[in-house]
1. Looking at (1) closer than 23 Å to residue 192 by Cα; (2) part of a helix (DSSP H, G or I), which one does residue 107 not meet, given that it meets all the others?
2. Quick one: is residue 74 modelled with pLDDT under 85 and surrounded by fewer than 24 Cβ atoms within 10 Å (Cβ to Cβ)?
3. Given (1) over 26 Å from residue 161 (Cα atoms); (2) not in a helix (DSSP H, G or I), where does residue 89 come up short, assuming only one miss?
4. Looking only at region 210-234, count every residue that is modelled with pLDDT of 85 or more and either surrounded by fewer than 17 Cβ atoms within 10 Å (Cβ to Cβ) or not assigned by TED's automatic domain parsing to the domain that holds residue 121 (or both) and tell me the total.
5. Go through the residues of region 102-114 one by one and say whether even a single one is surrounded by 19 or more Cβ atoms within 10 Å (Cβ to Cβ) and either in contact (Cβ under 8 Å) with a residue 24 or more places away in the chain or within 21 Å of residue 15 (Cα to Cα) (or both).
6. Could you please let me know if residue 75 is in a helix (DSSP H, G or I), in the same structural domain as residue 199 (by TED's automatic domain parsing) and closer than 30 Å to residue 239 by Cβ?
7. Can you tell me which residue is surrounded by the fewest Cβ atoms within 10 Å (Cβ to Cβ) among those in region 35-65 that are over 23 Å from the mean Cα position of the chain (by Cα) and at pLDDT below 85?
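The values are calculated or read from the model by the stated rules, or taken from the named source; none is laboratory data. Values in this document were obtained by computation on a predicted structure and should not be read as measured data. Cβ placement follows ideal geometry from the backbone for every residue including glycine, while neighbour counts extend to all protein chains displayed.
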């Protein structure tokens, strides 16, 4: 399980690093339509991830509150918004198409402020991945079917990694245009993404001590992600000459993330030794087997898995749900 979590935390960072490496292969700047397409796609992925992977699970996990099930999602969402608003005011940064710095007055160079702007953007993404994997780790400590599986956590991580690839290019190429060498532009791009695995790991540590507050952490990450979309990405994909390409790519990113989430919950994974995903999700004693209650071997949600003997597993093939 530890290896799978490490891979999940590192995937978004790898996406950023690979995108930043485009500075070695692409001469000149990206065409404005390509850049706008990347920004719109990233916004679409983030909105879909915030809704389907964070806000909805937060409300599902609060179902025991009855009519107040929405409350943890609302409180956490506003906390995430206000947290990013706070960081926006205390961290000096500047956006790519702007000549006006934001945050406190600073003697930092424009390059440093550009990197800080992208780093600020990456913080909620790392938190989102971390909180989903924290939910996976704690699934055995909470009753009910929360819909969190190793596959859905991996799907979120992979979706953010896909989104981070163009983001890495968007930061490294403009830095080169600012006069930074190819090597340094790549390093700055990589540096902007390092906060994601670090933030994800710290989030896992925090949530592991406060399992009952997991819905608040989910919605907190969602609020932080949506703040970045509304405050930064949507304005960037809409400024300048008119074009619908940003909107179209937003829809494409949103749709891809939905597909990723739907297939991620029912994803087949096996390691080099043939050990399947559900065997990682349940700590199965020697001599026992992990059984899929509804007979769907691709449905690896914790509520659909149970530890049984081999004989019980065989019985379930003929008479499901009756053990």
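1. Of (1) closer than 23 Å to residue 192 by Cα; (2) part of a helix (DSSP H, G or I), only one is false for residue 107: (2).
2. Numbers: modelled with pLDDT under 85: no; surrounded by fewer than 24 Cβ atoms within 10 Å (Cβ to Cβ): yes.
Taking the combined requirement at face value, the residue does not satisfy it.
3. (2)
4. Number satisfying all stated conditions: 1.
5. Scanning region 102-114 turns up at least one residue that is surrounded by 19 or more Cβ atoms within 10 Å (Cβ to Cβ) and either in contact (Cβ under 8 Å) with a residue 24 or more places away in the chain or within 21 Å of residue 15 (Cα to Cα) (or both).
6. Numbers: in a helix (DSSP H, G or I): yes; in the same structural domain as residue 199 (by TED's automatic domain parsing): yes; closer than 30 Å to residue 239 by Cβ: no.
Judged against the criteria, residue 75 is not a match.
7. To start, the set of residues in region 35-65 that are over 23 Å from the mean Cα position of the chain (by Cα) comprises 63-65.
Cutting the leftovers down to at pLDDT below 85 gives us 63-64.
Working: 63: 11, 64: 9.
For region 35-65, the residue satisfying everything is 64.
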